[in-house]
Each structure stands twice: as structure tokens, then as C-alpha cells.
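Everything below concerns the one structure shown next.
The values are calculated or read from the model by the stated rules, or taken from the named source; none is laboratory data. Just so you know, these numbers come straight off a predicted model, no measurement behind them. For neighbour counting, all protein chains shown are included, and Cβ atoms are generated from backbone atoms with ideal geometry for every residue, glycine included. For the accessible areas, the whole protein counts, side chains as well, though only heavy atoms, and no ligand, DNA or RNA atoms are used. Shrake-Rupley method; radii C 1.70, N 1.55, O 1.52, S 1.80 Å.
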Amino acid sequence: MSTEHLRLLARVARMYHEQSMRQPEIAAALSISQPRVSRLLKEAVTRGIVRTIVVLPDGVHTELEEELQRRYGLRDVVVVDIEDAREDAIPSLASAAAAYFDATFTGGDVIGISSWSETLLATVERMQPKNTQVADRVMQLVGGVGSPEAQVHATRLIGRLADITRARPVFVPSPGVVGTAAIRDALLEDPGVVDVMAQWRELTVVLVGIGSLEPSPLLLSSGNAVKQADQEELRSLGAVGDVCLHFFDAKGSAVDSAFDRRVVGIDVGAFRAVERRVAVAGGLRKYSAIKAALDGGWVNVLITDLHVAERLRAEAG
């Protein structure tokens, strides 16, 4: 390549990138055609004369997010910057999740939400009401869990999200966990429950937390239905976490338990069939459950904190 051509490449590149001249202006100044200016600019990139460097602002972790997407086969990842791993991650996670949902609810969605999650409640409380309808329905995925106060919580969460999105709320007319499998089977034949189950097949997005085997303080204070005996059974079967009260082991495989057969909620098949499954979960206490949920394909969008994200990258299989 001639020195003259290299000089022309460098001159065009400097005029465009350093002097902010438009391509027609460069063509006029150098008495060449605009298509040739465009070709020269592309060649300057190819030959390394022009190199583009993206400098990420503090607190933005796009490179890490994209790496987790690739390694775990996810649709999207949002990583929240939290300085101290011991810090309560919920406020930061809730703010990031609220911004994500505000941007991605654009109309016509049928939204399912796990109704006993402190993080999701904090998320919904941070969302801004929409001026137009951006969802058709907001549906409860599991019946009220434990005490009557739990159903009040579910009503608050689902009702507020429905108000924000101008959608119709749909509740499960049943407790989330019942005393025996026979009672659960009978409830699944109730016309009200049957109607909700049919609508679960129409979900386009679900919003869930990821639970660890040890229940959160909030869930315990609700009159938590996952009793000590149930926890012991699940632990003996290798359970490390749950999504919508469906427990899974360290590899993300569903655990077949007597407890699972007493849950009144969306079944695993219907849940996995939903196109966008968003989990909002963080804190190293939940790391094993989050990792297993990703490995098992339970969710395909993750909103988490930096410490969990970095460990997920380090331990990606």
C-alpha cells in the first residue's frame, strides 16, 4: 500500500473523528466522492488506524452482564452495584428491577408474579403508574401462602402492579399450600381454580424471586407454610432453593417431594413454557439457589447484585 493512500486514510479519519466533519464536508474539502469517503472510513477501521474504545461509567457492568448472558444462555442480565456484600441488596435490586420493568412493559403482556417476595413488593412500590394500559392481566402464580396475612400481602402486591400497568388482577382462590395432596387435588377441580389454571397458559412474562431452603424472615413472620418437617424432607432430597414453591437441587433439577404435591400454584410445565421468566434475587445467602435456578433453566432474565454476578462468572460450568 502506498504512503499516499495511508496518508489519505489518516487524513479522512482525523477529519471525521477528531474534527467532527460530516462526510459530505470531507468529500468537498478533498475533492473526492462521498461514497469514497465512506469506504476510506471503513478501511481505516479495518486497518486499525481507527480503534473504538467504550469506557464504561462507574456502576455500569455491561461487559459482565453480556458474559453471564452467554455463559448461562440468558435473554438478559441486569447487575446492580453494591459495595459491601453484607449490605441489604433489596433496595438496590428493587430500584433496578423497577427501571427494567418500566422499560419493558410496553403493552399486551399477561404478567404472572410470585406473590410472597419482599424484593418484588419493593420493586412494585418503586414503579411509576402508566398513562396507558401496558398489560392485559396481572396474575397470581401461587395461592396465599400460610396465614391470612400472606393473602393480604399477595393482594397488595398484585393489586398495585395491576393498578400501575392498568391491567386486570387475577387471584388464585386458594391457599398456596394445603394439608394433604388429596385436598390439593380437590382444589384443582374447583371451577375458580380451573379458570385461573387455564389463564396461566396465556402468560407472556413472569416475575419471581428465588428462595433459598431457609425461608426469609419476612416469610417466617407470615406464618410460613414451609414447616420444619417440610424443610427437613426437602433438605434430605438435596433441595437448595425454589421458584414459586417448586424446589430444585444444586443442579437445578426439580425435587419430587410430598411438599410439592401440596402446593396450589402454577405447575412446572406451564411455568417453563412462559417466554420471559424474570428473577429478581441477590445476596450471597441466596447464591446457591440462584446458581441452581440458572443451571436448571428456571429463569432466563436475571436481576442481581455485583457480588453474586462475579461469583456466577467465576463458577460458570
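Key figures
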| quantity | calculated |
| --- | --- |
| Nearest-10 value in Å² for the accessible area of L8, using the 1.4 Å probe | 20 Å² |
| Estimated inter-spin distance, A314 and T104, nm [label 7 Å along Cα→Cβ] | 2.7 nm |
| Inter-centroid distance (Cα atoms) of segment 4-34 relative to segment 96-125, Å | 49 Å |
| Sum of -39500 (n - 2.57) over DSSP H runs of 4+, divided by residues of the chain (222 nm, nearest 500) | -13500 deg cm²/dmol |
| Gain upon complete extension [T132, K251; 0.36 nm per residue less C-alpha separation] | 38.7 nm |
| Long-range HN-HN contacts of D305 with modeled amide H, under 5 Å | V80, G283 |
| Cα-based shape type of segment 65-118, given that a ≥ b ≥ c are square roots of the gyration tensor eigenvalues and the cut on a/c is 1.5 | oblate |
| The chain, accessible surface, carbon-and-sulfur percent (1.4 angstrom probe) | 51 percent |
| Karplus (6.51, -1.76, 1.60) ³J(HN,Hα), θ = phi - 60°, over segment 106-114, in Hz, Gly and Pro reported as x | 10, x, x, 5, 10, 9, x, 9, 6 |
| With 10 Å bins from 0: P(r) over segment 111-182, alpha-carbon pairs, percent | 22, 50, 22, 5, 1 |
| Stretchable slack from A29 to L237, in nm (0.36 nm times residue separation minus alpha-carbon distance) | 67.3 nm |
| Cβ-derived FRET efficiency at R0 35 Å, L6 paired with E67, nearest 0.05 | 0.45 |
| FRET efficiency, 1/(1 + (r/R0)^6) with R0 25 Å, evaluated for D81 and E125 via beta carbons | 0.75 |
| Nitroxide proxy distance, nm - points 7 Å out along Cα→Cβ at A258 and E118 | 3.0 nm |
| Highest-MSF residue in the chain out of R201, R51, R166 [GNM, Cα springs under 10 Å] | R51 |
| Cα-centre dipole for segment 181-317 with unit charges at Cβ (Lys and Arg positive, Asp and Glu negative), debye to 20 | 400 debye |
| Folded to 0 to 90 degrees: helix 62-72 orientation relative to the chain principal axis, Cα | 60 degrees |
| From the coordinates shown, P(r) over Cα pairs in 10 Å bins from 0, in percent corresponds to which of (i) 5, 19, 18, 15, 12, 9, 8, 7, 5, 2, 0, 0; (ii) 6, 24, 27, 16, 9, 8, 6, 3, 0; (iii) 6, 26, 33, 22, 11, 3, 0, 0 | (ii) |
| Lys, Arg +1 and Asp, Glu -1 on Cβ, resulting dipole of the chain about Cα centre, debye, nearest 20 | 1320 debye |
| In segment 264-317, GluC sites (Glu not before Pro) in a DSSP loop with at most 14 other beta-carbon atoms within 10 Å | E275, E315 |
| Segment 186-304 shape via C-alpha gyration tensor axes, a/c threshold 1.5 | oblate |
| Net length gained if the chain between A273 and S20 were fully extended (0.36 nm per residue, minus Cα distance) | 86.1 nm |
| Inter-label distance for T46 and Q228, nm, one decimal - labels placed 7 Å from Cα along Cα-to-Cβ | 7.3 nm |
| Amide H partners (placed H, <5 Å) of V264, local residues excluded | G143, V177, V178 |
| For R313, solvent-accessible area (1.4 Å; no DNA, RNA or ligand), Å² | 80 Å² |
| The chain - accessible surface per residue (Å², probe 1.4 Å) | 48 Å² |
| Relative contact order for the chain, counting Cα pairs under 8 Å that sit 6 or more residues apart, in percent | 20 percent |
